[in-house]
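Taking it in order: structure first as structure tokens, then the write-up.
The values are calculated or read from the model by the stated rules, or taken from the named source; none is laboratory data. Worth saying up front: this structure is predicted, and the values here are computed from it rather than measured. Positions of Cβ are generated from backbone atoms using ideal geometry, with glycine treated the same way; all protein chains shown enter the neighbour counts. Note: accessible area is taken over every heavy atom of the protein model, side chains too, but ligands, DNA and RNA are not part of it. Shrake-Rupley method; radii C 1.70, N 1.55, O 1.52, S 1.80 Å.
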Amino acid sequence: MTPNPTTPWCGLGDIQVGPPDLRQPPHWPPLSSSSPSPTPPSTSAGPFLPPFLLLPDPTLHLLLSPPPAAHMQAKKRYLFVSVGVALLFLVYMWALQIADFEQQQQQQQRWYRQHQLPRYPDYDQHQPYSQRQEADRASSKPPLPRRGPSNQPGHWTELTRLLGPYLEGGEQEEDGPQVHHQHSSPRERRSVRDNLYKNKRCRMETCFDFARCQPHFGIYVYPPQRGDEISATYRKILSSIQESRFHTADPLKACLFILAVDTLDRDRLSPQFVQNARTRIHNLPTWNDGRNHLIFNLYSGTWPDYTEDLGFEVGQAMLAKASANVANFRPNFDISIPLFSKDHPLKVGGMGGTWGTNGAAAPISSSSSRRYLLVFKGKRYLTGIGSETRNALYHIHNGDDIVLLTTCKHGKDWEKHKDSRCDHDNREYAKFDYQELLHNSTFCLVPRGRRLGSFRFLEALQAACIPVILSNGWELPFSEVIDWRKAAVLGDERLLLQVPSMTRSVGRDRILVLRQQSQFLWDAYFSSVAKIVLTTLEIIRDRVDSVVSRNRLMWNSLPGGLYALPQYSTDPARFPFYYAMLGKSPPPQFTGVIHTVSPLQPHPSPVLKLIIAVAKSKFCAQIVVLWNSDKPLPPRNKWPSTSVPLTVIQSKAMSSRFYPHDVIITDAILSLDEDSVLSTNEVDFAFIVWQTFPERIVGYPARSHYWDGSRSCWAYTSKWTNDYSMVLTGAAFYHRYYHYLFSSYVPSNLLSMVDRMANCEDILMNFLVSAVTKQAPVKVTQKKQYKETMMSQGSKASRWADPDHFAERQTCVNAFSRWLGFMPLLHSQMRLDPLLFRDQVSMLRKKYRDIERL
């Protein structure tokens, strides 16, 4: 709406303050330097005049006071000039910022050279690469969170200024020109990386043939060729695969191929380096550019820059590699494994700091404290890659609760490069015992060495010492499935001086959780070469069948991914060891499974009496009879009539006693021998106890083992003692998952042994359950009347009457302990009896009255 020209407006001299007439440009009076500054109008008079129009600037006077005919052109020129001036101002400020940034960078580099602050050369490359991988990661199965580079570059300049006084007097290299830590230009670094990983975009979906893995996940190990030199460590890896349930001798049935060429040590200066590996690998008839191949590697590259060069192109092969760099790591394809020494056991020979020699887990008390807060003892590199962090450790060493010891005394020519601290460091280094430090410290520092990984990582886990990891860019071992934030402290090499305050700020409860988790991870995945290899294979197997794979809870909770087979179920609520964690209780029903090897006798037959007694239990849902006799299966009218379904299954092998038959519908299984003598009250009471311990074996007949020093082997005994380590499955409850684990996890050679001897299947089940739970079985209500009767069964005596019975079972005990690598059985003195058991009170006051009369 156009205002009326005759409408009076509040004015200030000749300057109009009201809204101007849009039809004509306003007439501005000349502004000169001698003109008095106009007084601003009051807010009640109208809107305030823009302040820039009131400035007595001659330039603006010329621009804003043209002849009336040229008002429009003057306005355009004014706008153009204003925009141009603003752009020039912005360009000027931008140039100042760049110059300031470059100056800061130069100062920071000079400061680095003077003080030897910990830095990581390739660190700046990691984050951009991770960002480029976001699309690939989004399209694949999301991995567990991994430790990535810190995103705090903006605070680094200020931090160095604040920390400067603490670093004054830092040692400088005295051996002339410093060895370059990396290739001189980003282009050369990219060229090296591209040559190493020509298929760096490989993922399971693009570089793996899933069709080869149907219907079984078989692994084929190439036979060694004449003249092959295989290290002892690589022999352990190959042996672990060949003894696993995945191994196949037929390459046509293989999903995965393992090289016979030793690729563990690819350092050209190492005596274990295989010279002609490239030719031998690429000439394999089934190599196919590495497709469906798995390559193990512990050491790559060589002095001075220690790149990830293997000396051959991996192609489309997966790498199980130690010291993996996130810049080159192919997510959801490669696997990061820990760096382990040649002395690492093939199988578990002994546990860590809080574990007993028999495999038992000693509880970590929240009140347990250790003498030291943070410790480290290792080499100090005077030159070359990996020297920065270790050379700066003396800044936070206080000799009291933080003991960080380094030595220059390593290598042939260390004296040529020694600095002024070497002699003092070497003397301090010799005063402390490394194992004493490990087992008496809460935290253990794990700085990078020449490569990103370090032996200190596994040593800390074994000693129940919480690792404090300082190795920027390291893809932590098995980070695809393990959440390391629950077991370790992830630091930053550039923030070394913050490590003491960071460790002191961890509360006692948090320390307890970290230590318990670190011990679990050590025992589950890292305590032996076999477990490292099997964890690698299980991760690949989960990728092959992603629909049937373990979730994060299974990998990061007891008993671990190796014992929680997803082929049984992907729902943790169906596993017995997750009941308490999920706040669930086992269903209140069981299935009686009776193993029969003898023909039915005329009434009263012991097995028929047993069926009737079990069927009367209010918790019994069904009864399954496994007919393992040479005699024909009796007709239906020979079996008793029961109130619960009765199913008879023919079985020809002893190991089939623990086969996961589909007919079994309950989680709880009552395993019975045909000659067991149990009443309904005993069945009910044992089931009530099992509901409290659903992950264990709960039952009546108990046995024990002990170490026979005279023969240097394990011995088996059935004598009455104060403790026990086994509850035989002749009359015991357990979860049906152990049927699946027994059939799927135990190697075929052990199952064949059980079938051949027909005498050890119950012992093997005890070994398996104790290995999974790290707990002893539970015995209920002592029954001296219960015995494996040596009754005559026609013309054939019971197997308990065999004089070689105990000798065979002792042989089995030693064979099973060799399979696991340790003795998993634990002794217990606990026995659970009914309330008022054997008390001198009226029987009417007791719930299970019949038990005491037996």
Qualifying residue in region 547-557 (condition: over 19 Å from Cys213 (Cβ atoms) and without any contact (Cβ under 8 Å) to a residue 12 or more places away in the chain): no
Filter pass, Thr647 being touching a residue at least 40 places away in the same chain (Cβ under 8 Å) and either under 25 Å from Arg696 (Cα atoms) or open to solvent by 10 Å² or more (accessible area, probe 1.4 Å) (or both): no
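Listed here are the residues, each with its yes/no results for (1) more than 26 Å from the chain's Cα centre (by Cα); (2) at pLDDT below 55; (3) closer than 30 Å to Val544 by Cα; (4) not hydrophobic (A, V, I, L, M, F, W, C).
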residue	(1), (2), (3), (4)
His183	yes, yes, no, yes
Arg187	yes, no, no, yes
Val192	yes, no, no, no
Lys198	yes, no, yes, yes
Cys202	no, no, yes, no
Ala211	yes, no, yes, no
Phe217	no, no, yes, no
Search result, residues across region 426-443 that are more than 21 Å from Asp343 (Cα to Cα) and buried (at least 20 other Cβ atoms within 10 Å of the Cβ): Ser441, Thr442, Phe443
Residue check, Val769 in contact with a strand residue (DSSP E or B) (Cβ under 9 Å, 6 or more places away or on another chain), at negative phi and at pLDDT 95 or above: yes
Selection status of Thr717, polar (S, T, N, Q), at pLDDT 95 or above and open to solvent by less than 50 Å² (accessible area, probe 1.4 Å): no
Total residues in region 814-854, condition at pLDDT 90 or above, under 24 Å from Phe685 (Cα atoms) and not in a loop (DSSP other than H, G, I, E, B): 3
Qualifying residue in region 663-676 (condition: surrounded by fewer than 16 Cβ atoms within 10 Å (Cβ to Cβ) and more than 40 Å from the chain's Cα centre (by Cα)): no
Exclusive hit being among the β-branched types (Val, Ile, Thr) and either touching a strand residue (DSSP E or B) at 6+ places or on another chain (Cβ under 6 Å) or at pLDDT 90 or above (or both), set Ile396, Ile385, Ile364: Ile396
Region 683-737 - residue that is part of a loop (DSSP other than H, G, I, E, B) and among the hydrophobic types (A, V, I, L, M, F, W, C) and, of those, nearest to Pro834 (Cα to Cα): Phe693
Members of region 307-320 found to be open to solvent by less than 10 Å² (accessible area, probe 1.4 Å) and closer than 24 Å to Phe526 by Cα, listed by number: Ala317, Met318, Leu319, Ala320
Scope region 367-397; condition without any contact (Cβ under 8 Å) to a residue 60 or more places away in the chain and open to solvent by 20 Å² or more (accessible area, probe 1.4 Å); matching residues: Ser367, Ser368, Tyr394, His397
Residues within region 316-330 that are farther than 15 Å from Thr536 by Cβ and under 16 Å from the mean Cα position of the chain (by Cα), tallied: 1
Positions within region 746-763 being buried (at least 19 other Cβ atoms within 10 Å of the Cβ) and not hydrophobic (A, V, I, L, M, F, W, C), in sequence order: Asn759, Glu761, Asp762
Residues (of a type in the set (Val, Ile, Thr) and within 18 Å of Leu238 (Cα to Cα)) located in region 273-324: Val274, Ile281, Ile295
Residues of region 686-713 that turn out to be surrounded by fewer than 20 Cβ atoms within 10 Å (Cβ to Cβ) and farther than 30 Å from Lys618 by Cα, as a count: 9
Hits in region 423-447 - residues which are in contact with a helix residue (DSSP H, G or I) (Cβ under 8 Å, 6 or more places away or on another chain) and over 30 Å from Ser518 (Cα atoms): Asp425
Of all residues making up region 586-596, the number that are assigned to a loop (DSSP other than H, G, I, E, B), open to solvent by less than 60 Å² (accessible area, probe 1.4 Å) and either in contact with a Cys (Cβ under 8 Å, 6 or more places away or on another chain) or over 24 Å from Ser617 (Cα atoms) (or both): 0
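For the condition open to solvent by 10 Å² or more (accessible area, probe 1.4 Å) and touching a helix residue (DSSP H, G or I) at 6+ places or on another chain (Cβ under 9 Å), what is the one hit in Ser743, Ser725?
Answer to the check: Ser743.
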Test: residue in region 640-660 that is over 20 Å from Glu682 (Cβ atoms) and more than 47 Å from the chain's Cα centre (by Cα): yes
Meets criteria (over 19 Å from the mean Cα position of the chain (by Cα), closer than 22 Å to Leu461 by Cα and open to solvent by 10 Å² or more (accessible area, probe 1.4 Å)) for Gly583: no
From the options Arg235, Arg268, Arg245, residue that is charged (D, E, K, R), part of a loop (DSSP other than H, G, I, E, B) and over 26 Å from Ser549 (Cβ atoms): Arg268
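Does Val683 meet the test of being open to solvent by 30 Å² or more (accessible area, probe 1.4 Å) and farther than 20 Å from Leu825 by Cβ?
Values: open to solvent by 30 Å² or more (accessible area, probe 1.4 Å): no; farther than 20 Å from Leu825 by Cβ: yes.
Considered against the rule, which asks whether it is open to solvent by 30 Å² or more (accessible area, probe 1.4 Å) and farther than 20 Å from Leu825 by Cβ, Val683 comes out as no.
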Which listed residue is open to solvent by 50 Å² or more (accessible area, probe 1.4 Å) and closer than 21 Å to Glu229 by Cα, from His282, His247, His293: His282
Criterion: in contact with a Leu (Cβ under 7 Å, 6 or more places away or on another chain), of a type outside the set (Phe, Trp, Tyr), farther than 27 Å from Ser744 by Cα and in contact (Cβ under 8 Å) with a residue 12 or more places away in the chain - qualifying residue of Pro572, Pro599, Pro640: Pro640
Residues satisfying the stated conditions in region 331-343, i.e. in contact with a Phe, Trp or Tyr (Cβ under 9 Å, 6 or more places away or on another chain) and modelled with pLDDT of 95 or more: Phe333, Ile335, Ser336, Ile337, Pro338, Leu339, Phe340
